[in-house]
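Below: one structure, written as structure tokens.
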Amino acid sequence: MAGLAADNLTCIKRDRVLFSDLSFCLSPGQLIYLRGPNGAGKTSLLRILTGLSAPESGQLLLNDESLDKVRDSFNQQLIYVGHKAGINGALTAMENLRFWCAQHGTDFIAQRAYEVLARLGLVGLEDVPVRMLSAGQQRRVALSRLWLKQATYWILDEPFTALDTDGIELLETHMREHVANQGAIITTSHQPLSKQAGPFTELVLEYRL
Amino acid sequence: MWKWLHPYAKPERAYQLCVTLQPYFLWPGILCLVAGSIWGLAFAPQDYQQGDSFRIIYIHVPSAILSMSTYVAMAVAALVGIVWQWRTAFMAMIAMAPIGAVVTFIALFTGAAWGKPMWGTWWVWDARLTSELILLFLYLGVIALYGAFEDKQQAGKAAGVMALVGVVNVPIIHYSVEWWNTLHQGATISKFDKPSIAPEMLWPLLIALLGLALFIAAVTVMRMKNEIIRREYHRPWVKDLAARALGDDHAV
Amino acid sequence: MNTLINGIFKRDMALAFRQRSELAQPLMFLLMVITLFPLGIGPGPVTLQKIGPGVIWIAAILSSLLAMERLFRDDFWDGSLEQYMLSGQSVAAIAAVKVLVHWLVSFLPLALFSPLLALFLNLTVDMYIALMLTLVLGTPLLSLVGAIAVGLTVGLQRGGVLLALLLIPVFIPLLIFATSAVDSAALQLPYRAQLAIIGAMLMLAMASAPFAIAYALKVSQN
């Protein structure tokens, strides 16, 4: 099966079983909307998918190969935007993006970065320390990675947090285009995805005691 | 080669192993400890220089030796846990930590008590006492680090790393302190350095050493049982176990 | 290699210079601690010369504990650490570069201070040379070993005191060898042996610490 497959994942946090024997596949051209109440393990699942934490049992497969074996090539094909933005407040938006691109081995073209930031409504704020920006603007800086790095897999944890309606529409449109270009996205969101985001599959996690 | 060990990575199997091993450690341990102590304290001959006060070696020496060995055992458990990702290995490690700290404290205390008649003061910065003190700090660090984490699985791994850092340091600390001591105290010869020991003194010492080792193993196994139960209490096998234990009680 | 230089080294350098005041604080702490000793023990030149090497090294260890905390703290809390781990670079290499930058910005300034410290504590020129050599070999060791404990405690809300509890016993051998090297220098004795031992410990730490730091950071991520 092409794509990122989860095979019988079980996650235990603080001695509580969050989910067990969870299997699904995220294929190119697919958008999975991960839903569930607080504490159901959405963030834990996304972190397991990225490889940041390990499942209690079960494994991940990328194109039918164990993910552990192809971790480096998977990382090149992955953008993760988590709860924590991964943006340093003392650096400017441009610096943050430049260093992030350097770390991820992506060519950084300043012109392109200015364009992306402009599209995200951050004109004139490119060289201000990010700490001075509003929460929504900081989120936009974090999300601008989705425009700067070419990657098949997007793993997004509450990407719409703090965004205004314009921002949400912008991001949903970009997600739809990405899926249309054979991208694969798994995202959580406390508000339902709108039509802008295009067709999606739902994956629901229940809260378990 | 080590394949036969792997089933014990499962908490349930590890628990059963603990239950099986406990009596083999506990009773011989207590027996040797009592026998060694009585023989050493009451029947072994007096030291011609130190009189009766030397008899504290029957407690001091075993605890000093085993304080170091327990730390090494902890580090081995941590290494096993990190390399093979066994959760039970970290449980074993953390089961040993407070025991090791107590044994280290006993070694320090008896060392100080021995120092009183020998040196006329409770504490001198003797090389071995100083190493023991630093070892106690290392134990306390591991325990404190373990306690600082909410998530005990994470706590075990973190404490394991620290135990490994410590074990690399234990020999360095030991030799550096010994060297520091000779540097600062010049020609004074350590009272602990005995050229040889009479066999009638050595035998009770060895028995006490064996007894304490077995006793530490027994307490480790008991603590590990508790740790496994505490961490796995929501698993079906623990519930079965509890039901059976309760059933037995009712039967009695 | 380029990714490490452009992505981590330059970034941390830029950050360090943007947070200069935070960097200066541990050094000021060091200076003040050293000032306390003549005041508390007495300013006799002989006494000061005798305790000088120990005082400087103890102050360096204590101030390093303060400085060390910021090594991974911001990266952990703002999520940069997650991004490093998903960058496809080896976490051990990233950690090594970060420790290097940390050493450059927090211990190299100590070299600028050191003549002043030597003056304060009445060290002879021979002692000063020995002190500098032990600092050059010993402080990277502080950074490397300290970073392991920082990696372990970074996720804890109040890790500061715990960090000190974990690290002080581990730094004792370094303290012993470093001060004894300076003491030997005071007596015009050779001190190559002590330097060699510190060097050996540094080599061991350079070879193994980055992997331990990487593991520690992964544990903290869980």
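Since every read-out is calculated from the coordinates, none of them should be taken as a lab result. Please read these numbers as outputs of a predicted model, since none were measured by experiment. Note that we place each Cβ from the backbone using ideal geometry, even for glycine, and neighbour counts take in every protein chain shown.
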Gained length - residue B:10 relative to residue B:53, 0.36 nm times residue gap less alpha-carbon distance: 10.7 nm
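Please identify the DSSP H helices in chain C that span no less than 15 Å along the helix axis (Cα) and have a mean Kyte-Doolittle hydropathy of 1.0 or more.
Helix filter hits for chain C: C:20-41, C:45-68, C:91-106, C:108-120, C:125-153, C:160-186, C:192-221.
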Cα gyration tensor of chain B - equivalent ellipsoid semi-axes, whole Å, descending: 37, 24, 14
Per-pair calculated FRET efficiency, R0 = 41 Å: residue A:23 and residue A:194 via Cβ, rounded to 0.05: 0.90
Overall dimensions of chain C by Cα: Rg and Dmax, Å: 18.0, 58
Computed E for residue A:83/residue A:109 - FRET, C-beta separation, R0 22 angstrom, nearest 0.05: 0.15
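Run the dipole for chain C about the Cα centre, Lys and Arg Cβ at +1, Asp and Glu Cβ at -1, nothing else charged, and hand back the magnitude in debye, nearest 20.
80
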Segment C:83-111 versus segment B:68-138: alpha-carbon centroid distance in Å: 33
Cα gyration tensor, the protein assembly as shown - rounded (a/c under 1.5), prolate or oblate: oblate
Residue A:32 long-range amide H proximity, modeled H, under 5 Å: A:185, A:186, A:187, A:201
Straight-distance crosslink candidates among aspartates and glutamates, where the alpha carbon sits under 20 Å from residue A:195 and sequence neighbours closer than 8 are dropped: A:157, A:158, A:164, A:166, A:169, A:172, A:177
Partner chain coverage, peptide A:43-54 - average Cβ within 10 angstrom: 2
Under the Karplus curve 6.51 cos²θ - 1.76 cosθ + 1.60, θ = phi - 60°, whole-Hz ³J(HN,Hα) for segment A:118-123, x wherever Gly or Pro sits: 5, 4, 8, x, 10, 4
DSSP H segments from chain B that extend 24 Å or more along their own axis, Cα-based, with Kyte-Doolittle mean of 1.0 or above: B:57-84, B:87-119, B:127-148
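Please give the calculated 222 nm ellipticity per residue for the protein assembly as shown, where each DSSP H segment of at least 4 residues contributes -39500 (n - 2.57) and the sum is spread over every residue; nearest 500 deg cm²/dmol? The partial results should precede the final answer.
Details: 24 runs with 445 residues, N = 683.
The per-residue figure over the protein assembly as shown is -22000 deg cm²/dmol.
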Anisotropy class of segment A:35-107 from Cα gyration tensor, a/c 1.5 cut: oblate
Inter-label distance for residue A:68 and residue C:108, nm, one decimal - labels placed 7 Å from Cα along Cα-to-Cβ: 4.0
Shielding score for B:152-162, defined as the mean number of other chain Cβ atoms within 10 Å: 6
Set of lysines near residue B:239 by C-alpha distance (under 17 Å), chain-local residues within fewer than 8 positions excluded: B:10, B:225
Computed E for residue C:10/residue B:46 - FRET, C-beta separation, R0 51 angstrom, nearest 0.05: 0.10
Calculated diffusion of chain A, Stokes-Einstein form, Kirkwood radius summed over Cα pairs, 37 °C and 0.692 mPa s, µm²/s: 185
Unit Cα scatterers, Debye sum, segment B:71-113: log10 I(q)/I(0) for q = 0.31 Å⁻¹: -0.95
Cross-link partners of residue A:42 among lysines (Cα-Cα below 22 Å; sequence separation of 8 or more within a chain): A:13, A:84, B:152, C:218
Averaged over A:78-86, number of beta-carbon atoms from partner chains that fall within 10 Å: 5
Cut-off 18 Å, label 7 Å out along Cα→Cβ of residue A:35, residues of segment A:172-209 by amide N: A:185-208
Where the Cα pairs of segment A:1-80 fall when distances are cut into 5 Å bins, in %: 3, 14, 26, 28, 18, 8, 2, 0
In nm, spacing of pseudo-spin labels at residue A:173 and residue A:10 (7 Å Cα→C-beta vector): 4.7
Cα shape, segment C:162-222, gyration tensor, a/c 1.5 rule: oblate
Distance between modelled label sites at residue B:35 and residue B:239, nm, 7 Å Cα→Cβ extension: 4.7
Packing rank of A:145-154, C:54-63, where each peptide gets the mean count of other beta carbons within 10 Å, highest leading: C:54-63, A:145-154
